[in-house]
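Student: I'd like to ask some things about the structure below.
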Amino acid sequence: MKRLILLLVVAFAMVVNTDAQGWLNRLKDKAKSKIENKIDDAVDKAMDKGIDKAEDEASDAVRGKKGKTSKDDESGEDNPSAATSSDFKRGEMILFQDDFQGETIGEFPSKWDMFQGTIETKTLGGVKAINMTDNAQVQPLIKEQGAYLPEEFTIEYDFYYWNQKDDVALNDVKLILAITKDRSEFPGEGNDSGDLTAFVLKHGVCDSREHGYLFNGNHEGSFEYSFKKGWNHVALSFNKRALKVYFNDKRVVNLPRVNQPAWMCFQVPYDYENLTFIRNVVIAKGAVALYDRHAQDMSAVEKAIQETGQFVTNNILFDTGKATLKQESMIEIMKVADYMKKNPSARFEVQGHTDNQGSDKINDPLSQQRAEAIVKALEGLGVDGFNLRAVGKGSHEPVADNKTEAGRAKNRRVVFVKK
């Protein structure tokens, strides 16, 4: 009997052990499966992240940018890069810039003025931009009164292209370059082809490939270009008389002679249906053809050095009483830098001269500091500093009468003497 009981206990233990082992095995398999799933999810996420990064880097490489691009709308459209055209070059000195990121949604943008219509800051796919409706006519607020566009300038901005179907009216947003110095004489819808404008660019925000322009009052032209849905980049370059327009990476307008504009504005028609969004507006001094002008000016620099052994300029300017170069001085300094890089063995003494306003105790060290600032700027442009020597001449070597403003202006000069 005892033997039978012992056998039953052993059998029961074996059954329990078998079930327990099976349960443990099932628990182990379940845990293993869960861990493997988590590992798979982690790998998938890492791969997705890596793919996204690779796509971003590839997209950046195409546009010549570093780092990730920003996605500007829900459809994943990329932000168009500035100045992607092969020969477009933004001007050297920024006169106005606004990306609207510091603005309050629903409020009027703080850096703009409006003549009529409606304009306010909104978001499009999470990105801030200005929305223009109701025949809006707007212009940037710039400190200078009247004319503020120089002889050479660039204008850039992004606008959103909707690519709507035929049931949506085709409309145009206009970039207007006005020739009048009085900004109260706004070139509106009725007279934008009249004597008040130098150039008007018309491009659609709906499903249209054809775009147009007006210039010098009554001349007009048209061209075809297909925008992609989303943000597109527009750039304009004006150099004294030559005007070029770029859509994304393609030049679409090239005019040899356009009247000098004084200021600019944007305009939209009445029936615009809240479609017009603009952002990243930049106005800068300088232009695409500036490099060609430098090449032509260089012949004058070379001629002056060849004939007299020196190049004299009154176009390198400083803040009053300081050795701080004004931004516009870089145009003249670039000429000398180009010459020296083409002639690497050339050596120059950079002489700073002042007028007789103030004492020698002030003017002598000031002229030395200004000459040193020019040398530093040239070195920043790639010129070998070994070939440059800064010398301050003060007011001791005048070339004109210091009794008149015109004479004093001539005496405030920089002389590059070849050694």
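Student: Limited to the stretch 385-417, what total is found for residues that are surrounded by 14 or more Cβ atoms within 10 Å (Cβ to Cβ) and not small (Gly, Ala, Ser)?
Tutor: First, pick out the residues of the stretch 385-417 that are surrounded by 14 or more Cβ atoms within 10 Å (Cβ to Cβ): 387-395, 398, 400, 402, 407-408, 410-417.
Remaining after also requiring not small (Gly, Ala, Ser): 387-389, 391, 393, 398, 402, 408, 410-417.
Residues meeting the conditions: 16.
Student: I'd like the full set of residues that are surrounded by 14 or more Cβ atoms within 10 Å (Cβ to Cβ), more than 34 Å from the chain's Cα centre (by Cα) and among the small types (Gly, Ala, Ser), limited to the stretch 303-357.
Tutor: 304, 346
Student: Additional query: Please go through the stretch 341-364 and pick out each residue that is without any contact (Cβ under 8 Å) to a residue 40 or more places away in the chain and in contact with a strand residue (DSSP E or B) (Cβ under 7 Å, 6 or more places away or on another chain).
Tutor: Within the stretch 341-364, 360, 363, 364 meet the criteria.
Student: Here's a follow-up. Report yes if some residue within the stretch 361-370 is assigned to a strand (DSSP E or B) and at pLDDT 95 or above; otherwise report no. Please lay out each step first, then the result.
Tutor: If we filter the stretch 361-370 for residues that are assigned to a strand (DSSP E or B), which is where we start, we get none.
Checking the stretch 361-370: not a single residue is assigned to a strand (DSSP E or B) and at pLDDT 95 or above.
Student: Would you mention how many residues in the stretch 372-408 are assigned to a strand (DSSP E or B) and in contact with a Gly (Cβ under 6 Å, 6 or more places away or on another chain)?
Tutor: To start, the set of residues in the stretch 372-408 that are assigned to a strand (DSSP E or B) comprises 388-394.
If we keep only those that are in contact with a Gly (Cβ under 6 Å, 6 or more places away or on another chain) too, we end up with 392.
So the answer is 1.
Student: Look through the stretch 122-154, keep the residues that are closer than 22 Å to residue 262 by Cα and among the charged types (D, E, K, R), and return whichever of them is surrounded by the fewest Cβ atoms within 10 Å (Cβ to Cβ).
Tutor: Checked the stretch 122-154; the qualifying residue surrounded by the fewest Cβ atoms within 10 Å (Cβ to Cβ) is 143.
Student: Moving on to the next point. What single numbered condition from (1) modelled with pLDDT under 90; (2) in a loop (DSSP other than H, G, I, E, B); (3) under 21 Å from residue 283 (Cα atoms) fails to hold for residue 108?
Tutor: Among (1) modelled with pLDDT under 90; (2) in a loop (DSSP other than H, G, I, E, B); (3) under 21 Å from residue 283 (Cα atoms), the lone unmet condition for residue 108 is (1).
The values are calculated or read from the model by the stated rules, or taken from the named source; none is laboratory data. What you see is a predicted model; the values in this text were computed from it and never measured. Here the Cβ is made from the backbone with ideal geometry for all residues, glycine too, and neighbour counts use every protein chain on show.
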